[in-house]
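Single-structure report; data block below.
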Amino acid sequence: MDTNYFLLVEAGNNGITKLGGGGAVKATDASVTFNYIPHARFRVGLFKTPGSEEGLMAIHVFNYVNFTNMANQQLLERFLAEDGSRKGADKDVTNAPVSAIGAFRDIGIQVFDTFKSGSWEHSYAGMIGNGNGIDWSDNDSNKDYYLYWASELVFGGKKARRQGWKMFAWYNGGKRTLDYAFGTAKEQEFDRNRWGFGTTYLKGKWRGAAEFTWADGMIFNGSDGGAVAGSLNNAGTARASLNMLPDDKADGWYADIGYKVLPQLELDLRYDILHRGTDTRLGQRDFETWTVGAQWFFNKKARLIANYEFRSAEAPGFSSGAAPNQIPGDMDDRFSVQILAIF
């Protein structure tokens, strides 16, 4: 077809529908693709941005319940109006997100295509977007720029479960505006850059993946003391807020392997680590997770996923008994179960 349309809405109770207002049902995809020019397809509207493998993967082929620490904290963007440095018990310092979570999407225009060379398949994408996630309004005049390249040795199969060995690299750069940062109440702009590279493998009973990612600017930094944003301290003198490190950096990586012991049963293992706030003096926090998982495939459109995550975190600039290590040291493991059915 020369023209394709795609529309998808989210009606669940989550960061897309609950953050930043806008109602209980929101569009996550609303795009039109024009296929008139050889090797240069054009897509306009709201759609997934070219980038990390975790963000690009569709939910029906994602092998775990939860994202890695790097993807969850630094790629799945939260849009804040302040950096969290405002102090006091005033209700306005909670620094709640001003729009829905980014959901690995943006509004813009993209040129992309795939071409073959023997057993290899090469894909490229370039995009210009608003840099404001799934929000239809643009909050400033700045734009985000996206680049993507992948080369895959195809073994066989079709669509999302096609077998092959893929190598990829991507880049996303833009700017963000904060109304309050570093203790100053004035509009300030900061760079937000993300980039990474990785590989995936799927053949027969085996599959695997690994990806390395870097972040420069607008580093999401959790909440004060790990408390629920908006909650008061015991003395009632300060209210926890969400925080951002506008001029800091982060990096992380993951490695993932899976093996089908039965046609219906796959066993999975993933390791991931995030180094957050690496440019802040004594502000670095490291998050490390081992995920053990299993997937039971009832059929091609229904499966059950069970994950157990062994989670740990630390502040490497402090001793193990120091206060900055007490909160991350109490991080619990997490058990998740998900049933996915497509109809």
Extreme residue, farthest from G277 (Cα to Cα), among residues of the stretch 307-343 that are in contact (Cβ under 8 Å) with a residue 40 or more places away in the chain and part of a strand (DSSP E or B): A341
Boolean, L267 is surrounded by fewer than 17 Cβ atoms within 10 Å (Cβ to Cβ), part of a strand (DSSP E or B), over 23 Å from the mean Cα position of the chain (by Cα) and at negative phi: yes
Subset of the stretch 25-54 [under 29 Å from T200 (Cα atoms) and in a loop (DSSP other than H, G, I, E, B)]: P38, H39, T49, P50, G51, S52
In the stretch 158-174, residue nearest to H60 (Cα to Cα) [restricted to those that are at pLDDT 95 or above and open to solvent by 50 Å² or more (accessible area, probe 1.4 Å)]: W165
Residues within the stretch 127-150 that are surrounded by 16 or more Cβ atoms within 10 Å (Cβ to Cβ) and in a strand (DSSP E or B), tallied: 8
Residues located in the stretch 106-161, provided they are among the aromatic types (F, W, Y) and over 21 Å from the mean Cα position of the chain (by Cα): F112, F115, W120, F155
Hits in the stretch 281-320 - residues which are open to solvent by 50 Å² or more (accessible area, probe 1.4 Å) and acidic (D, E): E288, E314
Some residue of the stretch 38-46 being touching a helix residue (DSSP H, G or I) at 6+ places or on another chain (Cβ under 7 Å) and either among the aromatic types (F, W, Y) or under 27 Å from A294 (Cα atoms) (or both): no
Any chance G22 is modelled with pLDDT under 90, outside any helix (DSSP H, G or I), surrounded by 13 or more Cβ atoms within 10 Å (Cβ to Cβ) and not β-branched (V, I, T): yes
Of all residues making up the stretch 252-264, the number that are open to solvent by 70 Å² or more (accessible area, probe 1.4 Å) and touching a residue at least 24 places away in the same chain (Cβ under 8 Å): 5
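The values are calculated or read from the model by the stated rules, or taken from the named source; none is laboratory data. All values derive from a computational prediction rather than experimental measurement. Cβ: placed from backbone, ideal geometry, glycine included. Neighbour counts: every protein chain shown. Accessible surface is based on the protein model in full, side chains and every heavy atom, while ligands, DNA and RNA are left aside. Shrake-Rupley method; radii C 1.70, N 1.55, O 1.52, S 1.80 Å.
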